[in-house]
Amino acid sequence: MSIIEKAAGRLDPVKGGARRPIDVTAKKSDEAQIEVDVVAQTNEKKVFADAGKHNTKKVEINIEQLHRLGMVTPDAARTPIAEEFRLIKRPLIDAAFGQKGKSKHHGNLIMVASSLPGEGKTFCAVNLAISVAMELDHTVLLVDADVARPSIERYLQLTPGNESSQIGLMDILLNDKLDLADAILKTNIDTLSLLPAGKSHQRATELLASQAMSALLDEIANRYPDRIVIFDSPPLLLTSEARVLASQMGQIVLVVAAESTTQHAVKEVLRQLKSCQNINLIYNKAKTLSSGDYYGQYYG
């Protein structure tokens with residue numbers, strides 16, 4: 001049995017608690033009741049004012065261009081690449097939520113990584129995200145966590161004039177006045193949202209290892225019970241950021257390039273990820289039996 005076949009693990013389920021609504025009980029006197037009503041109206045106005053600050057941007061993914069590039073598109077077409085990612089996503093979704101739909105601790109946080117650049121991690125992350133977005137019961141947040149060389153927006157072929165601002169993951173970690181909603185981008189695929197990398201920072205490793213990042217990951221994982229979050233990470237053998245990020249993920253997907261990634265590189269990455277309990281591998285750029293074409297000819 002090869003080292004690739006042996007790379008598998010399990011996640012320990014962690015019980016989660018549901019939020020309880022806060023009940024406000026008015027005082028008995030009429031005067032106190034009026035005061036409570038005024039406060040309630042004031043707070044309601046503040047909520048609407050705060051909500052106005054988060055003008056969620058929407059970007060247009062060029063679906064036709066994705067189709068021309070041979071990537072997964074949301075039209076549910078039975079192309080070879082779409083069928084491959086249908087097979088890939090199923091065990092990941094099952095591991096994320098369990099057999100009875102109960103989410104495991106960070107099980108819905110999936111990091112797509114590679115040993116070195118050029119093995120196809122971004123290609124796989126984007127196709128996996130679109131494939132999961134086709135599910136009837138799940139939404140997807142695709143996070144560009146390759147903060148040194150972000151490329152999610154390029155892969156999604158955003159149409160000119162709809163590029164995102166620079167606000168993203170790094171900005172949220174650096175500025176506690178920014179909210180997650182300030183950076184998330186809606187797309188023309190209704191069930192798919194994006195979180196850009198944001199501005200690069202020389203202390204990216206420390207930021208990803210910070211309490212702010214842990215709190216952000218908890219919020220991302222738990223805000224919506226049906227959400228799958230896919231992180232496109234930096235290469236594991238080149239950066240320390242990727243290893244720090246991996247330690248907080250529920251699942252790792254390691255992309256291995258056919259006839260390119262060495263067994264030594266795979267062994268080294270698995271050694272570094274030995275504390276991670278759920279590791280899956282994608283064998284990328286393998287020739288098809290019929291046409292000899294490569295999946296992943298557009299890779300990063």
Practice item. Mind sorting F85, F97 by how few other Cβ atoms lie within 10 Å of their own Cβ, fewest first? Key: F97, F85
**Study point:** Spin-label pair A212/E268, simplified geometry with 7 Å Cα→Cβ offset, distance in nm
**Key:** 3.2 nm
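Of the peptides 106-116, 66-76, 245-255, 202-212, how do they stack up when ordered by the mean number of other Cβ atoms within 10 Å, highest first?
Output ranking for 106-116, 66-76, 245-255, 202-212: 106-116, 245-255, 66-76, 202-212.
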Exercise for review: Provide the gained length on full extension for the span E135 to E60, in nm with one decimal, where the gain is 0.36 nm per separating residue minus the Cα-Cα distance.
Suggested key: 25.0 nm
Check your understanding: Among K274, K287, which comes first, second and so on when ranked by fewest other beta-carbon atoms within 10 Å?
Key -> K274, K287
Review point. What residues qualify as long-range amide H neighbours of N284, i.e. H under 5 Å apart, gap of 5 or more or another chain, H built at 1.01 Å from N?
Key: V256, A257, A258
Exercise for review: Could you run the Karplus curve 6.51 cos²θ - 1.76 cosθ + 1.60 with θ = phi - 60° over segment 246-255 and give me ³J(HN,Hα) per residue in whole Hz, x for Gly and Pro?
Suggested key: 4, 5, 10, 8, x, 9, 10, 10, 9, 8
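Please tell me which of these pairs span more than 18 angstrom C-alpha to C-alpha: K89/K121; K121/K285; K177/K199; K121/K186?
K121/K186
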Exercise for review: Would you work out which of Q263, T191, V244 lies farthest towards the positive end of the dipole of segment 177-291? Charges go on Cβ: Lys and Arg +1, Asp and Glu -1.
Suggested key: Q263
Review point. What number, in nm² with one decimal, is the all-direction average of the projected area of the convex hull of the alpha-carbon atoms of segment 57-284?
Key: 11.8 nm²
Review point. Under the Karplus relation 6.51 cos²θ - 1.76 cosθ + 1.60, θ = phi - 60°, what is the ordered set of whole-Hz ³J(HN,Hα) values for segment 78-93, x standing for Gly and Pro?
Key: 8, 7, x, 5, 5, 5, 4, 6, 5, 6, 5, 6, 4, x, 5, 5
Point to revise | Computed E for K287/R86 - FRET, C-beta separation, R0 22 angstrom, nearest 0.05 | key: 0.65
Point to revise | Rg and Dmax of segment 242-283, Cα atoms only, in Å | key: 10.3, 30
Revision key, fill the gap. Residues other than N284 with Cβ under 11 Å of its Cβ, Lys/Arg counted +1 and Asp/Glu -1, net out at -1
Check your understanding: Order of L238, L195 from fewest to most other C-beta atoms within 10 Å?
Key -> L238, L195
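A short reminder: the numbers here are calculations on the coordinates, not readings from a lab. From a predicted model like this one, the values you see are computed outputs, not experimental measurements. Quick reminder, even Gly has a Cβ in these numbers, built from the backbone with ideal geometry, and neighbours come from all protein chains shown.
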